[in-house]
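Chemist: This is the structure I have questions about; it appears just below.
The values are calculated or read from the model by the stated rules, or taken from the named source; none is laboratory data. In this text, all values refer to a predicted model and were calculated from it rather than measured experimentally. Here the Cβ positions follow ideal geometry from the backbone for every residue, glycine too, while neighbour counts run over all protein chains shown.
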Amino acid sequence: MYNCKSKKATEFIDDQEILDTLAYAQENKRNRELIDSILERAKDCKGLNHREAAVLLECDLEDENEKMMSLAQEIKQKFYGNRIVMFAPLYLSNYCINGCVYCPYHHSNKHITRKKLSQEDIAREVIALQDMGHKRLALETGEDPVNNPIEVCVGKHKNDL
């Protein structure tokens, strides 16, 4: 059953919810009243839900897209100003079941040694990156439900490390 607050991948990633969301976005991509109300909510900078985001991504009304771009620029300026924000990558694992040709983690690459960090390894890496002055991390991992279950990424909070 779909539960967006769950930390279990099988509960917050739901095929039917994804299909329903895509259908909802298609049905509403020209709904000016709904799009304007979503943009109005976005001004509060408190986040949008996945269905609202999907509607904005599907919107094909030029004037609404211009409003969206203007609001995005305004919000970006409010949060970041003219600075560039950097994320330090934290590589959790290079196990992957996909075959993406641009990525060295792809399953066909038999020339790399596969590695998955333990929770202790992750804690050490986070502390090392923090000691270097990094404040934002981008978690990087291959896709592999056996070796990289999503719970590894969402199952631990920063205070648990």
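Chemist: List every residue pair whose Cβ atoms lie under 6 Å apart, where the two residues are 6 or more positions apart in sequence or sit on different chains, the first residue falls within segment 128-139 and is of a type outside the set (A, V, I, L, M), and the second residue, located anywhere, is not in a loop (DSSP other than H, G, I, E, B).
Modeler: Close Cβ pairs satisfying both conditions: 134/88.
Chemist: Does residue 147 satisfy the condition of being in a loop (DSSP other than H, G, I, E, B), modelled with pLDDT of 90 or more and surrounded by 10 or more Cβ atoms within 10 Å (Cβ to Cβ)?
Modeler: Details: in a loop (DSSP other than H, G, I, E, B): yes; modelled with pLDDT of 90 or more: no; surrounded by 10 or more Cβ atoms within 10 Å (Cβ to Cβ): yes.
Spelling it out, it is not the case that residue 147 is in a loop (DSSP other than H, G, I, E, B), modelled with pLDDT of 90 or more and surrounded by 10 or more Cβ atoms within 10 Å (Cβ to Cβ).
Chemist: Give the residue that is surrounded by the fewest Cβ atoms within 10 Å (Cβ to Cβ), with candidates limited to residues of segment 24-58 that are within 20 Å of residue 76 (Cα to Cα) and over 21 Å from the mean Cα position of the chain (by Cα).
Modeler: Looking at residues that are within 20 Å of residue 76 (Cα to Cα) and over 21 Å from the mean Cα position of the chain (by Cα), I get 40.
Chemist: Which is exposed (fewer than 13 other Cβ atoms within 10 Å of the Cβ), on the phi < 0 side of the Ramachandran plot and not polar (S, T, N, Q), of 67, 78?
Modeler: Numbers: 67 fails: exposed (fewer than 13 other Cβ atoms within 10 Å of the Cβ).
Only one candidate qualifies: 78.
Chemist: Of the residues 105, 24, which is assigned to a loop (DSSP other than H, G, I, E, B) and hydroxyl-bearing (Ser, Thr, Tyr)? Give the derivation first.
Modeler: Working: 24 fails: assigned to a loop (DSSP other than H, G, I, E, B).
From the options 105, 24, the qualifying one is 105.
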